[in-house]
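Input: a single structure, listed below in structure tokens.
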Amino acid sequence: MTTTNIYLPFKTSIANVKEVAKDVKLFSISVPADFTYQAGQFVMVSVIGAGEVPISITSTPGVSKDLELCVRTVGHVSSAINALAANDSIWLRGPYGRPFPINGQDALFICGGIGIVPLRPLINQMLHNRAATGSRKKVTVMYGSRNPAEVLFMDEAARWQEQGAHIVMTVDTCDIESWKGCTGLVTDHFAKANIDYRNSTAYICGPHVMIKATMRDLSMMGMPDDHIITTLEAHMKCGVGKCGHCYCGGKLICEEGPVFSLEEIKKYNIKPGVDDLV
Ligand SMILES: Cc1cc2nc3c(=O)[nH]c(=O)nc-3n(C[C@H](O)[C@H](O)[C@H](O)COP(=O)(O)OP(=O)(O)OC[C@H]3O[C@@H](n4cnc5c(N)ncnc54)[C@H](O)[C@@H]3O)c2cc1C
Ligand code: FES
């Protein structure tokens, strides 16, 4: 989607909105047919009078009709977005950022909490392509949440399993008897995933502490650094490489990321947030 002014968002409307967990809403947003994007990219979302924030695209490229965004209420702008209802107006710029690289290897998705949101389109895209081409590529999804009430896209995970994905779900603490998944951290359950680490690519998204522990463990188990891929969050203003707000380790996270390999994170010493990643 091109506009004459790169900072000028286009106005569109919310087709549907539903609460998918406490303080987390999934929006379906009408976009023009020429609005194309790739898994891993984000849009700048604005609510007039509140402000503008980066939000990952969670719909499947080339498959979903509407653009889907999943937003957790954390502060001023995310609260304003999550107060919107169906038919309300919303303003978008983008899509922006470097998408996830895709190769022919087995794929291991490791998601923590709302970190499943940017990975969801790639999981859906890979399973869609797998069915369309008859590929035998293995798709494994390991998804950790704090508790069963915070698990997002539970129905969809059941569908991924029917489509041939291997699913490992875990929660830190479990307070309901009906929970059929594991307990503990995602990194506690690698043995259940039966991964060929040397010949797989991992896609990781979650809290920094989880990304850091997961990258360390995968590296120790023999996965090459250039096949350990994550997507990083940074404070952003312009989203298009102009303001320097997201500058980290000589890289502009908005333009040269948000997707980086462990090899790049080490090479450029990228340290988003307060925590070192390596
Ligand atoms: C590329 C990218 C993709 C994102 N995708 C999603 C998504 O799909 N869904 C979603 O809910 N959120 C996503 N976020 C995070 C989202 O942009 C922030 O939650 C949002 O900017 C918070 O704005 P606010 O005005 O509501 O909060 P504020 O009032 O500005 O801040 C509330 C708290 O959150 C912290 N914070 C705010 N923004 C960020 C940030 N970008 N990184 C780290 N800490 C931050 C602040 O320091 C403060 O402690 C993404 C961020 C990036 C950079
Ligand atoms: S947010 Fe402005 S340069 Fe990245």
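Considering only residues that are surrounded by 18 or more Cβ atoms within 10 Å (Cβ to Cβ) and under 17 Å from Ile123 (Cβ atoms), which ones fall in the range 61-83?
The answer is Pro61, Glu68, Leu69, Cys70.
Would you say Ser30 is of a type in the set (Ser, Thr, Tyr) and loosely packed, with under 14 Cβ neighbours inside 10 Å?
No.
Has the range 21-43 got any residue that is within 16 Å of ligand 2 (Cβ to nearest atom), outside the structural domain of Asn129 (by TED's automatic domain parsing) and part of a strand (DSSP E or B)?
yes
Just to be sure, is Glu150 in contact with a helix residue (DSSP H, G or I) (Cβ under 7 Å, 6 or more places away or on another chain) and among the acidic types (Asp, Glu)?
So Glu150 passes the test.
Could you list all residues from the range 64-79 that are of a type in the set (S, T, N, Q) and modelled with pLDDT of 95 or more?
Within the range 64-79, Thr73, Ser78, Ser79 qualify.
How many residues are part of a loop (DSSP other than H, G, I, E, B), in contact with a helix residue (DSSP H, G or I) (Cβ under 9 Å, 6 or more places away or on another chain) and acidic (Asp, Glu) if we restrict to the range 59-103?
Looking only at that region, the number is 0.
Quick check on the range 51-73. Is at least one of its residues over 16 Å from the mean Cα position of the chain (by Cα), within 21 Å of Cys243 (Cα to Cα), within 12 Å of ligand 1 (Cβ to nearest atom) and in contact (Cβ under 8 Å) with a residue 24 or more places away in the chain?
There is at least one residue in the range 51-73 that is over 16 Å from the mean Cα position of the chain (by Cα), within 21 Å of Cys243 (Cα to Cα), within 12 Å of ligand 1 (Cβ to nearest atom) and in contact (Cβ under 8 Å) with a residue 24 or more places away in the chain.
Please work out if Met142 is at pLDDT 95 or above, part of a loop (DSSP other than H, G, I, E, B) and away from ligand 2 (no atom under 16 Å from the Cβ).
Answer is no for this residue.
Taking the range 126-147, which residues are surrounded by 19 or more Cβ atoms within 10 Å (Cβ to Cβ) and within 22 Å of Leu69 (Cα to Cα)?
Across the range 126-147, the qualifying residues are Met126, Leu127, Val141, Met142, Tyr143, Gly144, Ser145.
Please state which one of Asp196, Asp225, Asp217 is surrounded by fewer than 13 Cβ atoms within 10 Å (Cβ to Cβ) and of a type in the set (D, E, K, R).
Going through Asp196, Asp225, Asp217 in turn, just one is surrounded by fewer than 13 Cβ atoms within 10 Å (Cβ to Cβ) and of a type in the set (D, E, K, R): Asp196.
For Ser30, indicate whether it is in contact (Cβ under 8 Å) with a residue 60 or more places away in the chain and either within 19 Å of the chain's Cα centre (by Cα) or more than 22 Å from Ala149 (Cα to Cα) (or both).
Judged against the criteria, Ser30 is not a match.
Give me a count of the residues in the range 234-264 that are free of Cβ contacts under 8 Å to residues at least 60 places away in the same chain, closer than 16 Å to Pro99 by Cα and either out of contact with any strand residue (DSSP E or B) (no Cβ under 7 Å at 6 or more places or on another chain) or of a type in the set (Asp, Glu) (or both).
Here the count works out to 4.
Any idea which residue in the range 50-60 is surrounded by the most Cβ atoms within 10 Å (Cβ to Cβ), counting only those that are within 16 Å of ligand 2 (Cβ to nearest atom) and farther than 21 Å from Pro121 by Cα?
Only one residue tops the list, namely Glu52.
Looking at Asn87, Asn5, can you tell me which residue is at pLDDT 95 or above and farther than 23 Å from Leu152 by Cα?
One residue alone meets the criteria, Asn87.
Of the conditions (1) under 26 Å from Phe190 (Cβ atoms); (2) outside the structural domain of Met215 (by TED's automatic domain parsing), Ile110 fails just one. Which one is it?
It is condition (2) that Ile110 fails.
The values are calculated or read from the model by the stated rules, or taken from the named source; none is laboratory data. Predicted model, so just to flag it, every value in this text is computed and none were measured. Neighbour counts are summed over all protein chains in view; Cβ atoms, including those assigned to glycine, are modelled from backbone coordinates with ideal geometry.
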